[in-house]
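The values are calculated or read from the model by the stated rules, or taken from the named source; none is laboratory data. Owing to the predicted nature of the structure, the values given are computational and were not obtained by experimental measurement. Positions of Cβ are generated from backbone atoms using ideal geometry, with glycine treated the same way; all protein chains shown enter the neighbour counts. These accessible areas exclude ligands, DNA and RNA; they are computed on the full protein's heavy atoms, side chains included. Shrake-Rupley method; radii C 1.70, N 1.55, O 1.52, S 1.80 Å.
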Amino acid sequence: MENKNNIIVRTATAADKHYAETITTEMEESAKARGTGIAKRSPEYIQQKTEEGKSVIAVTTDGTWVGFCYIEAWEHEKYVANSGLIVSPAFRKSGVAKDIKRKIFNLSRQKYPNAKIFGL
């Protein structure tokens, strides 16, 4: 866990599933604002990633959602992508995205030690 300005960056757990709707809404709004065609993820998909231990979440010490990223593996876990990085607008430009990227890379390396990692 990391704590920077009351922000904790950690592996997400099943207890974090209640953030899924907020995360997917922010992903969609952010894509619209940038004019990009990023594929929409469902709250159920985000919940699945948290249950599988394949995601990182950032929250404040009082439980406010800050950011999120998840792992996608394919080709029999030969390749791994760190995907879906999103940070709440209120916390952008705080350095938390870099902390999330570092944590998701470490989690990817831990879960898939021999995989080629993309998306950093």
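Odds and ends about this structure:
- Exposed loop sites were defined as trypsin sites (Lys or Arg not before Pro) in DSSP loop states (anything but H, G, I, E or B) carrying at most 14 other C-beta atoms within 10 Å; in the chain the longest segment without such a site runs 1-39.
- Accessible surface, region 73-117, averaged per residue in Å² (probe 1.4 Å): 63
- When nucleic acids and ligands are ignored and a 1.4 Å probe is applied, THR11 ends up with an accessible area of around 50 Å².
- Split the accessible area of the chain by element, probe 1.4 Å, and carbon with sulfur accounts for 49%.
- Note on region 27-90: Lys pairs 8 or more places apart or on different chains, Cα atoms under 19 Å apart, count 5.
- Between the entries [x] 21, 17, 14; [y] 26, 16, 14; [z] 35, 15, 13, the label attached to semi-axes √(5λ) of the Cα gyration tensor in Å calculated for this structure is [x].
- Excluding the site residues themselves, the longest part of the chain lacking any GluC sites (Glu not before Pro) in a DSSP loop with at most 16 other Cβ atoms within 10 Å is 1-51.
- With 0.36 nm allotted per residue and the present C-alpha distance subtracted, the LYS40-ALA73 stretch has 10.1 nm of extension available.
- The chymotrypsin sites (Phe, Trp or Tyr not before Pro) of region 1-110 include none that DSSP puts in a loop with a beta carbon having at most 13 other beta carbons within 10 Å.
- Calculated FRET efficiency for the pair GLN110/SER30, C-beta based, R₀ 30 Å, to 0.05: 0.60
- For the chain, the residue among THR50, THR60, ASN114 whose Cα projects farthest onto the positive side of the dipole built from Cβ charges is ASN114.
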